[in-house]
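*Asks:* I'd like to ask some things about the structure below.
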Amino acid sequence: MTKVVPVLTVIVALVLIWYAAAVGMNAQWARDQAARAETTLGFGELVVDTWSQDRPVLPAPHQVAQGLYDSVLAIKPTSKRSLVYHGWITLSATLAGFGIGTLAGIALAVGIVHSRAMDMSVMPWAIASQTIPILAIAPMIIVVLNSIGISGLLPKAIISAYLSFFPVVVGMVKGLRAPDAMQLDQMRTWSATNSQTFWRLRLPSSMPYLFASLKVAIAAALVGTIVAELPAGATRGLGARLLSGSYYGQTVQIWSALFAAAALAAALVVIVGLIERGVLKRMGMAQ
Amino acid sequence: MKTPVINAKGVCLTFETNDGPVQALKDVDLGIERGEFVSFIGPSGCGKTTFLRCIAGLEVPTGGTLTVNGLTPDEARKARSYGYVFQAAGLYPWRTIAGNIKLPLEIMGYSKADQEKRVEKVLGLVELDSFGKKFPWQLSGGMQQRASIARALAFDADILLMDEPFGALDEIVRDHLNEQLLALWARTQKTIGFVTHSIPEAVYLSTKIVVMSPRPGRIAEVIESTLPRERPLDIRESPEFIALAHRVREGLREGHDA
Ligand SMILES: Nc1ncnc2c1ncn2[C@@H]1O[C@H](COP(=O)(O)OP(=O)(O)O)[C@@H](O)[C@H]1O
Ligand SMILES: [Mg+2]
């Protein structure tokens, strides 16, 4: 209860600011229309108009809510205009990319921890890879893969993986190095091999670090997928909805897609968090 | 003549650090016979841990010779000659107590059936019979340390090396564990090397007390205990015990002045 009041207060404040901003940003169009019709608007009429335009610069909250209702609940999930349909397209590529990125990240971390050469050479490249703007290379990857006949889910998953492997590498390297000198010495007293030490000590010890990075990685994977859906030609997925909305000035559609993407991201992070809690509790490592 | 189980002759060890060389051990001569209980006592930094780690093959002396069961420390480790107990129990939270004790057995490739038998046996030795299915967090600090001793005993090493195993525990628990450790030693006939900060603990447990002094780390005095092997806790009030403790304290003081 004590949390609900402040959270609600913030939400109400945001909605109020949003309504006020909608008035400010859509007023110009309303006045222009009125001038063309050679009438003038009173303040009340202006406000009502700015909150109910067809193509507002900034749609009012209830318009976005209506847009979400129309495209989520009031429509068959298989329809091309359903956000559930587009959300599923985006989600499937996100999960594929997240899976690829996680496996690649773990593999690189294992290499980095066990090989001095990889430790020195891989990390700088991994960091460099993240400094390249994803917006710049996403279209190239899509075009190149398209030209060799690969389209659909895979190119998007690759871009998604490109963004999500990095937090996994960083977290896993730290996690695999988490065992302290005493624990490693203990393994040495039993003449344990590297692989025995890995499976019995390093890997279990890394779990809290892995899950912390997975939460970042899954959000990054979603961003990657959406960016991959932006290049012209894409017709399916939340990213495509964002882009086509902006082509045709359908701001309500843009905002609906944005909210759908945000809700999807939040849901994914929450799910990873729940799995984390379950696993760490079972391993006796919950904080 | 029979060579001692642990035989150190002129063992030296110098660590190369960024601030220059640190001489952790200088000319350490020591023989430990089978079945002895030897305590190492001395101020912090006098090389107790380093010497124990040399015996275990975790550090390599830079001079002198050191044999364990007639082998080099490295060979001795591969021959599973010793179990090592660290100051922290170091039990894995994701394994049960039995699972933790099985850990070295799995690594060494014992059969499943053999693992079960051994776990049961060593749990009995440390009086944790009914705790195999519990997780470490369900046990007190003293019980966790007993579990870690059980783990070190599980593969039948005849030497037990212990580096301040009870250092983090309170006095009452410590007394109890000391008593149990003596009983365990009597039953198993192990050779024990035991590092401690506590004079009463060293005197109560040991057949031989090695007093060490720092900078450079070396042996100041080796005191053979005159106490009988059978030692009830109240032996600590006997004049003999008090005299021994006094000798150890004198030895520590001289080492410090030097
Ligand atoms: N790995 C190491 N590198 C450098 N110096 C060390 C290392 N281990 C121990 N020393 C130094 O060696 C000396 C003896 O240390 P140690 O054997 O841990 O003493 P004790 O266990 O008696 O307190 C100390 O001066 C310590 O700083
Ligand atoms: Mg020490």
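The values are calculated or read from the model by the stated rules, or taken from the named source; none is laboratory data. It should be emphasised that the depicted structure is a prediction, and the values quoted were computed from it without experimental measurement. As a convention, Cβ positions derive from the backbone with ideal geometry for all residues, glycine included, and neighbour counts pool all protein chains shown.
Yes or no, residue by residue, for (1) in a helix (DSSP H, G or I); (2) touching a residue at least 24 places away in the same chain (Cβ under 8 Å):
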{"site": "A:ALA128", "(1), (2)": "yes, no"}
{"site": "A:ALA136", "(1), (2)": "yes, no"}
{"site": "A:MET140", "(1), (2)": "yes, no"}
{"site": "A:VAL144", "(1), (2)": "yes, no"}
{"site": "A:SER151", "(1), (2)": "no, no"}
{"site": "A:PRO155", "(1), (2)": "yes, yes"}
{"site": "A:ILE159", "(1), (2)": "yes, yes"}
{"site": "A:TYR162", "(1), (2)": "yes, yes"}
{"site": "A:VAL169", "(1), (2)": "yes, yes"}
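*Asks:* Being surrounded by 23 or more Cβ atoms within 10 Å (Cβ to Cβ) and either within 16 Å of ligand 1 (Cβ to nearest atom) or at pLDDT 90 or above (or both), is that true of even one residue in segment B:1-9?
*Replies:* Scanning segment B:1-9, I find at least one residue that is surrounded by 23 or more Cβ atoms within 10 Å (Cβ to Cβ) and either within 16 Å of ligand 1 (Cβ to nearest atom) or at pLDDT 90 or above (or both), so the answer is yes.
*Asks:* Please determine, by comparing only the residues of segment B:49-78 that are over 18 Å from B:GLU16 (Cβ atoms) and away from every other protein chain (no Cβ under 14 Å), which one is nearest to ligand 2 (Cβ to nearest atom).
*Replies:* B:PHE51
*Asks:* Moving to a separate point now. Looking at the structure I just gave you, is B:ALA98 at pLDDT 90 or above, in the same structural domain as B:ALA183 (by TED's automatic domain parsing), more than 23 Å from B:GLU224 (Cα to Cα) and more than 16 Å from ligand 2 (Cβ to nearest atom)?
*Replies:* No: the conditions fail for B:ALA98.
*Asks:* Quickly run through segment A:171-202 and pick out the residues that are part of a helix (DSSP H, G or I) and of a type in the set (Lys, Arg).
*Replies:* Scanning segment A:171-202 gives A:LYS174, A:ARG188, A:ARG200, A:ARG202.
*Asks:* Any idea which of A:ARG241, A:ARG282 is under 19 Å from the mean Cα position of the chain (by Cα), at negative phi and basic (Lys, Arg)?
*Replies:* Answer to the selection: A:ARG241.
*Asks:* I've got another one for you. Restricting attention to segment A:87-94, does a residue exist that is out of contact with any helix residue (DSSP H, G or I) (no Cβ under 9 Å at 6 or more places or on another chain), within 16 Å of A:VAL227 (Cα to Cα) and at pLDDT 90 or above?
*Replies:* Yes, some residue in segment A:87-94 is out of contact with any helix residue (DSSP H, G or I) (no Cβ under 9 Å at 6 or more places or on another chain), within 16 Å of A:VAL227 (Cα to Cα) and at pLDDT 90 or above.
*Asks:* Looking for whichever is surrounded by 17 or more Cβ atoms within 10 Å (Cβ to Cβ) and either in the same structural domain as A:THR90 (by TED's automatic domain parsing) or under 30 Å from A:ALA228 (Cα atoms) (or both) here; the options are A:ARG202, A:ARG188. Which one fits?
*Replies:* Sole residue among the options that is surrounded by 17 or more Cβ atoms within 10 Å (Cβ to Cβ) and either in the same structural domain as A:THR90 (by TED's automatic domain parsing) or under 30 Å from A:ALA228 (Cα atoms) (or both): A:ARG202.
*Asks:* Given the conditions (1) touching a His at 6+ places or on another chain (Cβ under 7 Å); (2) crowded, with 22+ Cβ neighbours inside 10 Å; (3) charged (D, E, K, R), report the number of the one that B:ARG146 does not fulfil.
*Replies:* Answer for B:ARG146: the failing condition is (1).
*Asks:* Turning to a different aspect of this structure: So for segment B:132-145 (the condition being polar (S, T, N, Q), touching a Pro at 6+ places or on another chain (Cβ under 8 Å) and away from ligand 1 (no atom under 16 Å from the Cβ)), does at least one residue qualify?
*Replies:* Yes, some residue in segment B:132-145 is polar (S, T, N, Q), touching a Pro at 6+ places or on another chain (Cβ under 8 Å) and away from ligand 1 (no atom under 16 Å from the Cβ).
*Asks:* Taking only pairs six or more apart or across chains, which ones have beta-carbon atoms under 7 Å, a first residue in segment B:23-51 that is over 13 Å from B:LYS208 (Cβ atoms), and a second residue that is within 16 Å of ligand 2 (Cβ to nearest atom) and of a type in the set (Ser, Thr, Tyr)?
*Replies:* Correct list of pairs: B:ALA24/B:THR50; B:LEU25/B:THR50; B:GLY42/B:SER213; B:CYS46/B:SER213.
*Asks:* Moving on. Quick check, is B:GLY63 within 16 Å of ligand 1 (Cβ to nearest atom), touching a residue at least 40 places away in the same chain (Cβ under 8 Å) and farther than 27 Å from B:GLY167 by Cα?
*Replies:* Yes; evaluated as a whole, the condition is true for this residue.
*Asks:* If the Cβ limit is 8 Å and pairs must be 6+ apart or interchain, which residue in segment B:79-93 that is more than 8 Å from every other protein chain (Cβ to nearest Cβ) pairs with which residue that is part of a strand (DSSP E or B) and more than 16 Å from ligand 2 (Cβ to nearest atom)?
*Replies:* These pairs meet every condition: B:ALA79/B:LEU71; B:SER81/B:VAL68; B:SER81/B:LEU71; B:SER81/B:ILE159; B:VAL85/B:LEU160.
*Asks:* Still on this structure, I have one more. Got a sec? Which of A:LEU201, A:LEU222, A:LEU210, A:LEU243 is of a type in the set (A, V, I, L, M, F, W, C), within 14 Å of chain B (Cβ to nearest Cβ) and within 30 Å of A:ALA136 (Cα to Cα)?
*Replies:* Answer to the check: A:LEU210.
*Asks:* Could you please find all residues in segment B:216-258 being touching a residue at least 12 places away in the same chain (Cβ under 8 Å), small (Gly, Ala, Ser) and not in a helix (DSSP H, G or I)?
*Replies:* B:GLY217, B:ALA220, B:SER225, B:ALA258
*Asks:* Restricting the first residue to segment B:112-135 and requiring it to be in contact (Cβ under 8 Å) with a residue 60 or more places away in the chain, which pairs with a second residue that is among the β-branched types (Val, Ile, Thr) meet a Cβ separation below 8 Å and a spacing of at least six or different chains?
*Replies:* B:LEU125/B:THR188
*Asks:* A follow-up question, please. For A:LEU41, state whether it is part of a helix (DSSP H, G or I) and buried (at least 17 other Cβ atoms within 10 Å of the Cβ).
*Replies:* No; evaluated as a whole, the condition is false for this residue.
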